[in-house]
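The values are calculated or read from the model by the stated rules, or taken from the named source; none is laboratory data. The shown structure was predicted, so the numbers you read here are calculated from the model rather than taken from an experiment. FYI the Cβ positions are ideal-geometry reconstructions off the backbone, even for glycines, and counts take in every protein chain you see. Protein only, heavy atoms only, side chains kept; ligands, DNA and RNA dropped before computing areas. Shrake-Rupley method; radii C 1.70, N 1.55, O 1.52, S 1.80 Å.
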Amino acid sequence: MTKISTIFYTKTDEAPALATHSFLPIVQAFTNSAGVKVETRDISLAARILGVFSDMLPEDQRVNDTLAELGELVKKPEANIIKLPNISASVPQLKAAISELQAKGYALPYYPDEPKTAEEKDIKSRYDKVKGSAVNPVLREGNSDRRAPKAVKNYAKKNPHSMGAWSKDSKSHVATMTHGDFAHNEKSVVMDAADSINIQFVSENGNTSYLKENLELLEGEIIDATVMSKKALISFLQEQVADAKKQGVLFSLHMKATMMKVSDPIIFGHAVRVFFADLFEKHGDTFEKIGVDVNNGFGNLVAQLQELPEAKRKEIEADIQEVFANGPDLAMVNSDKGITNLHVPSDVIIDASMPAMIRTSGQMWNAEGKHQDTKAVIPDSSYAGMYTATIDFCKEHGAFDPTTMGTVPNVGLMAQKAEEYGSHDKTFEIAENGTVKVIDSKGNTLMEHKVEAGDIWRMCQVKDAPIQDWVKLAVTRARASQTPAVFWLDENRAHDAQLIKKVNAYLPNHDTSGLDIRILDPISATKFTLERIKDGKDTISVSGNVLRDYLTDLFPILELGTSAKMLSIVPLMNGGGLFETGAGGSAPKHVQQFVEENHLRWDSLGEFLALAVSLEHLGESTDNARALVLSEALDEATEKLLENKKGPSRKAGELDNRGSHFYLAMYWAEALANQSKDAQLKETFTPIAKSLLENEAKIVNELNEVQGKPVNIDGYYEPNDGLTSNAMRPSETFNSILNTIK
Ligand SMILES: NC(=O)C1=CN([C@@H]2O[C@H](COP(=O)(O)OP(=O)(O)OC[C@H]3O[C@@H](n4cnc5c(N)ncnc54)[C@H](OP(=O)(O)O)[C@@H]3O)[C@@H](O)[C@H]2O)C=CC1
Ligand SMILES: O=C(O)CCC(=O)C(=O)O
Ligand SMILES: [Mg+2]
């Protein structure tokens with residue numbers, strides 16, 4: 001008797017959550033026979049909101065804080081979690097979710113933009129826990145291993161996605177700061193012993209206060225501190241707006257306001273105020289009065305205008321048109337609806353937005369819905385050079401060719417809130433001129449910066465154990481795939497210089513004989529890697545946390561058309577496994593199409609791949625041979641699904657997400673029927689495979705004929721479970737065959 005073990009499958013948001021309603025019953029039917037339980041844990045935005053307010057809600061509305069529960073589980077060896085993409089909510093998304101839940105009868109408080117009372121401050125701090133990238137940093141107790149499986153890469157080579165051509169005289173480019181930004185002001189130290197430190201602010205007139213107290217650090221931890229000068233940022237943005245106009249290119253801003261939830265909305269707000277400078281000059285007082293906060297995007301201003309008397313509103317709307325007429329063209333997210341690049345901070349997220357632009361000949365949409373050359377503004381220069389180098393490469397050599405290009409897997413330093421992505425609780429918008437000091441327990445100043453009002457100061461940490469684990473993972477991957485590995489580190493950057501010392505110290509702990517492992521600064525690493533992929537050669541990028549995020553969208557989007565097809569494994573430091581599905585997000589457009597046309601174009605390939613490695617991990621860690629058989633059969637099924645092109649189409653009436661799940665189930669059952677390692681699985685799945693095959697046409701018809709008309713799932717952030725499940729499982733024939741699996 002095999003012992004029962006559990007895989008935790010996360011319930012998230014939007015398209016992946018819809019897909020789960022169809023896929024999970026299949027998974028549970030198949031894994032049950034191997035003594036593997038697949039349980040869900042709800043970490044959707046709605047559940048997380050309810051979770052942090054549970055104590056304030058009536059008994060029948062309370063839910064567990066499942067994210068905190070999973071946050072504990074990832075530290076245990078038995079952890080085996082499949083994590084689907086979830087919403088990293090910007091404030092507009094958070095408010096929309098709150099309204100929906102309130103309308104459904106949940107007694108949630110409103111989001112207080114400017115909390116005054118202690119109670120309001122408490123409410124805001126609870127909501128802020130849910131805001132932005134609040135899930136991934138909690139679960140990522142390990143470093144990141146993302147790569148395109150061979151079958152997926154081969155499929156892309158044979159079935160290339162479209163790639164926009166590049167011209168030598170494209171005017172598209174990246175604009176980034178040359179002084180005064182995070183990159184140029186960085187300082188870094190390594191803790192020679194564990195200590196408790198304080199972050200102190202000394203104002204110009206000598207008043208001392210604490211921005212953060214008693215921050216516990218471990219021996220060997222690298223800490224860095226830096227500041228973005230508001231003055232330097234604003235003059236940079238002013239120059240870029242003027243230059244975009246002069247060059248006749250689109251102005252676009254690319255930030256990570258979701259993950260960098262404290263710093264990047266502030267920078268976003270400055271960009272909106274600079275772009276619409278004339279408007280703010282004329283109507284600033286009115287905006288103040290009606291509570292406009294453009295850190296949440298220009299869309300916030302547009303929405304708040306509704307509060308004004310009609311005449312005033314019309315005057316301002318005319319002045320907005322004036323800015324559009326006089327300023328440079330602005331990149332659009334949705335030209336039909338007039339949604340610009342500056343409307344909502346979560347609409348344009350750099351990891352996906354820059355590759356999408358590079359894939360589209362370096363162009364973005366203009367107000368007429370046509371493609372146009374673009375200035376991509378990435379204020380901080382820490383990582384912007386990588387995109388400059390890629391764009392320059394495309395200008396010189398033309399677009400990459402997906403049929404021949406090599407692949408770039410990534411090993412990313414991510415564990416325990418590494419680097420910038422863990423800096424929110426140590427990021428501050430400075431209130432007045434003075435000095436920020438990081439001070440150890442003996443009173444020594446470890447780092448200090450002179451700052452001015454409005455500057456953004458931040459501190460990052462990365463612990464030593466994750467660095468050691470990361471170096472080990474890089475060597476393991478280089479060895480397993482016999483591929484050169486490049487550490488993307490710049491000796492001229494304070495933080496990277498410390499990291500380079502550690503990499504050089506830890507590499508000799510591993511057998512690196514015969515391996516090609518090098519350290520290159522990000523721009524040289526980009527050039528080196530691009531030269532190689534152009535020639536069909538593979539290169540592992542070994543990078544810090546931000547570059548991990550950027551590179552694991554850039555290369556997959558160029559190579560495969562999307563990052564959703566990547567294997568995305570987080571080997572947890574205590575032995576468990578976290579299996580993320582793709583690097584892609586929640587694709588809100590997909591839900592819109594689903595409710596309008598009952599067609600879900602979400603591709604669950606990432607889920608298929610994650611489930612196979614999760615079962616493999618479970619099989620190995622719990623000695624469950626049957627789980628291993630299921631895993632191998634699933635990989636076979638996925639390959640066959642690709643070969644037979646049974647992924648979802650984009651058009652209503654054709655095979656969609658549900659149809660692709662049916663084919664996966666059929667091929668999975670066939671592979672189990674055809675194997676001979678496990679007789680019982682063979683016996684169970686032989687008749688299942690047979691009846692799925694016999695009913696193929698009928699099932700596909702049942703799944704496709706419902707399409708083409710709207711479907712009601714009663715909600716966006718918390719759709720009704722019953723309605724959604726019915727909508728996602730419309731084939732009675734398929735459902736009843738699944739029910740017969742014992
Ligand atoms: N790991 C996580 O939890 C992550 C979450 N996010 C969140 O996701 C949301 C959207 O982010 P965004 O930057 O637009 O990135 P997405 O990856 O969601 O979307 C970019 C585009 O890629 C395509 N795509 C992505 N995944 C799939 C898939 N499985 N099947 C088919 N097409 C796919 C879609 O394009 P099209 O349909 O036009 O072909 C989509 O519009 C945000 O809320 C963000 O916070 C983002 C990244 C990671
Ligand atoms: O957690 C998030 O908000 C985004 C994560 C992400 O983009 C990634 O890990 O690739
Ligand atoms: Mg990403």
*Summing +1 for each Lys or Arg and -1 for each Asp or Glu, what net charge is found among the other residues whose Cβ lies under 14 Å from the Cβ of residue 543?*
-3
*Please determine, in degrees from 0 to 90 and to the nearest 10, the orientation of helix 230-247 with respect to the longest principal axis defined by the Cα atoms of the chain, where the helix direction is its Cα long axis.*
70 degrees
*Let me know the Kirkwood hydrodynamic radius for region 25-103, please, with Cα pairs as the basis and the value in Å to one decimal.*
14.8 Å
_Mean accessible surface per residue for region 245-371, computed with a 1.4 Å probe while every protein chain stays in place, in Å²_ = 42 Å²
*Hull-based mean projected area of region 227-375, where the convex hull spans the alpha carbons, in square nanometres*: 8.9 nm²
_Let me test this: with uniform point scatterers at the alpha carbons of region 489-564, what is the Debye-based log₁₀ I(q)/I(0) at q = 0.17 1/Å?_
-0.78
*If amide H atoms are built 1.01 Å from N in the plane of the peptide, which residues on other chains or at least 5 residues away come under 5 Å of the amide H of residue 536?*
406
*Taking a quarter of the surface of the Cα convex hull of region 227-277, what do you get in nm²?*
3.7 nm²
*asked:* Under a crude label model (7 Å from the Cα following the beta-carbon direction), how far is residue 319 from residue 512 in nanometres?
replied: 6.0 nm
*Where only C-alpha atoms are counted, convex hull volume of region 517-609 per residue in Å³*: 142 Å³
_If you roll a 1.4 angstrom probe over the protein chains with everything in place, what fraction of the accessible area of region 209-348 belongs to carbon and sulfur, to the nearest %?_
47 percent
*Too-long pairs where the Cα-Cα distance tops 27 Å, listed order kept, from 83/153; 337/527; 157/651; 212/463; 131/463; 131/246*: 337/527; 131/246
*Global size of region 120-241 as Cα Rg and Dmax, reported in angstrom*: 22.7, 68
*Per residue, how much accessible area does region 14-152 show when a 1.4 Å probe rolls over the protein heavy atoms, in square angstrom?*
37 Å²
*asked:* Treating only the Cβ of Lys, Arg, Asp and Glu as charged (+1, +1, -1, -1), what charge dipole size does the chain show about its Cα centre? Round to the nearest 20 debye.
replied: 1500 debye
*If you roll a 1.4 Å probe over the heavy atoms of the protein chains, what accessible area per residue do you get for region 561-624, in Å²?*
28 Å²
*asked:* Translational diffusion coefficient of region 605-702 at 37 °C, 0.692 mPa s, Stokes-Einstein with Kirkwood Rh over Cα pairs, in µm²/s as a whole number.
replied: 235 µm²/s
_At 0.36 nm per residue, and after removing the present C-alpha to C-alpha distance, how many nm does the segment from residue 401 to residue 452 gain when stretched out fully?_
13.6 nm
_What are the ³J(HN,Hα) couplings of region 98-103, residue after residue, when phi is run through the Karplus curve with 6.51, -1.76, 1.60 and θ = phi - 60°? Round to Hz, x for glycine and proline._
4, 4, 4, 5, 4, 5
*Over region 679-742, equivalent-ellipsoid semi-axes from the Cα gyration tensor in Å*: 29, 16, 7
*From a point 7 Å beyond the Cα of residue 234 in the direction of its Cβ, which residues of region 416-446 have a backbone N at a distance under 15 Å?*
430-433
*Between residue 519 and residues 5 or more places away or on another chain, which pairs have amide H atoms under 5 Å apart, with H built 1.01 Å from N, and which residues are they?*
487
*Roughly how tilted is helix 277-289, in degrees to the nearest 10 and between 0 and 90, from the longest Cα axis of the chain?*
80 degrees
*Most positive-pole-ward Cα, 630, 660, 672, against dipole of region 629-689 from beta carbon charges*: 660
*Can you give me the relative contact order of region 561-647 as a percent, contacts being Cα pairs under 8 Å and 6 or more apart?*
23 percent
*Please tell me the relative contact order of the chain in percent, rounded to the nearest whole number, where contacts are Cα pairs under 8 Å and at least six residues apart.*
19 percent
_Spin-label model distance (nm) - residue 480 vs residue 596, 7 Å beyond Cα toward Cβ_ = 4.2 nm
*For region 111-118, take each phi angle, set θ = phi - 60°, evaluate the Karplus expression 6.51 cos²θ - 1.76 cosθ + 1.60, and give the result in whole Hz per residue in order, putting x for glycine and proline.*
6, x, 5, 10, x, 10, 7, 4
*Counting pairs of Cα atoms in the chain, how many percent are more than 38 Å apart?*
39 percent
*asked:* If you roll a 1.4 angstrom probe over the protein chains with everything in place, what fraction of the accessible area of region 96-142 belongs to carbon and sulfur, to the nearest %?
replied: 52 percent
*What residues qualify as long-range amide H neighbours of residue 453, i.e. H under 5 Å apart, gap of 5 or more or another chain, H built at 1.01 Å from N?*
433
*Throw me the Rg/Rh for region 372-426, computed over C-alpha atoms with Kirkwood Rh, two decimals.*
1.08
*asked:* Show me, bin by bin at 10 Å from 0, the whole-percent P(r) of region 442-574 based on Cα pairs.
replied: 10, 36, 33, 14, 6, 1
_For region 326-387, convex hull of alpha carbons as volume per residue, Å³_ = 100 Å³
*Taking the chain as the reference, fit the longest principal axis to its C-alpha atoms, fit the long axis of helix 14-31 to the helix C-alpha atoms, and give the angle between the two in degrees, 0 to 90, nearest 10.*
30 degrees
*Calculate what fraction, in whole %, of the accessible area of region 403-480 sits on carbon and sulfur atoms when a 1.4 Å probe is rolled over the protein chains.*
47 percent
*Calculated from backbone phi, Karplus (6.51, -1.76, 1.60) coupling profile of region 129-134 in Hz, x at Gly/Pro*: 5, 8, 5, x, 7, 9
*For region 289-353, how big is Rg over Rh, using alpha carbon atoms and the Kirkwood form of Rh?*
0.99
